[in-house]
1. For segment 53-67, enumerate the residues that are open to solvent by 40 Å² or more (accessible area, probe 1.4 Å) and out of contact with any strand residue (DSSP E or B) (no Cβ under 7 Å at 6 or more places or on another chain).
2. Considering only residues that are at pLDDT below 85 and polar (S, T, N, Q), which ones fall in segment 16-54?
3. Would you mention how many residues in segment 24-47 are free of Cβ contacts under 8 Å to residues at least 40 places away in the same chain and in a loop (DSSP other than H, G, I, E, B)?
4. Of the conditions (1) of a type in the set (A, V, I, L, M); (2) open to solvent by 50 Å² or more (accessible area, probe 1.4 Å); (3) at pLDDT 85 or above, Leu100 satisfies every one except a single condition; which number is it?
5. From the list Glu45, Glu50, Glu70, pick out the single residue that is open to solvent by 60 Å² or more (accessible area, probe 1.4 Å) and more than 21 Å from the chain's Cα centre (by Cα).
6. With respect to Gly82, determine if the residue is open to solvent by less than 100 Å² (accessible area, probe 1.4 Å), without any contact (Cβ under 8 Å) to a residue 12 or more places away in the chain, more than 30 Å from Leu29 (Cβ to Cβ) and more than 18 Å from the chain's Cα centre (by Cα).
7. Starting from segment 48-68, take each residue that is under 18 Å from Val110 (Cα atoms) and list its partners that are surrounded by 13 or more Cβ atoms within 10 Å (Cβ to Cβ) and aromatic (Phe, Trp, Tyr), counting only C-beta distances under 6 angstrom and pairs at least six apart or across chains.
8. Go through segment 58-78 and report how many residues are farther than 16 Å from Gly47 by Cα, outside any strand (DSSP E or B) and modelled with pLDDT of 80 or more.
Amino acid sequence: MITEPNHDTHKPKRNIAYYYAVTLLILILLNALLFPQLMQRQVLEVGYNEFIGMVEDGRVRQVAYEDGNEQIVFLAEDEDGGEEVYKTGIFPDYELVNRLLEAEPEIEFVREIPTQNSPLLSFLLTWI
């Protein structure tokens, strides 16, 4: 009786570096695409008239101009007493600053001061 030689049809084993590379690629994609959306606080868009109504009702706590002074982002109380972040477009209202300064309770004006990071440091912090 003739027997055929024993041929193992095993696929070659992949190097562990392959699995590290795939894992690193998945983490980079998650870091770039998914995590920023999950970590971002929900910003509700309202009309300018609603913003003024919230100021007059004493619900606005903080106000900031964003995106090259094209929109107003503000922190205000919602109907349930919790704080929400809202945004509205800029409208030519020359009395807005006076209205905000005279509002009760006092409204805080906030603005993030940009700092210049090293491009290499920014790249490393963003992708690693």
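1. Glu56, Asp57, Asp67
2. Asn31, Gln37, Gln40, Gln42
3. Going through segment 24-47 one residue at a time, the tally reaches 1.
4. Just one mismatch for Leu100, condition (2).
5. Glu50
6. Yes.
7. Sorted first by the residue in segment 48-68, then by its partner, the pairs are Val60/Phe74; Val63/Phe74.
8. 1
The values are calculated or read from the model by the stated rules, or taken from the named source; none is laboratory data. Owing to the predicted nature of the structure, the values given are computational and were not obtained by experimental measurement. So basically every Cβ, Gly included, is an ideal-geometry build from the backbone, and we count neighbours across all protein chains shown. Surface areas here come from the heavy atoms of the whole protein model, side chains and all, with no ligands, DNA or RNA. Shrake-Rupley method; radii C 1.70, N 1.55, O 1.52, S 1.80 Å.
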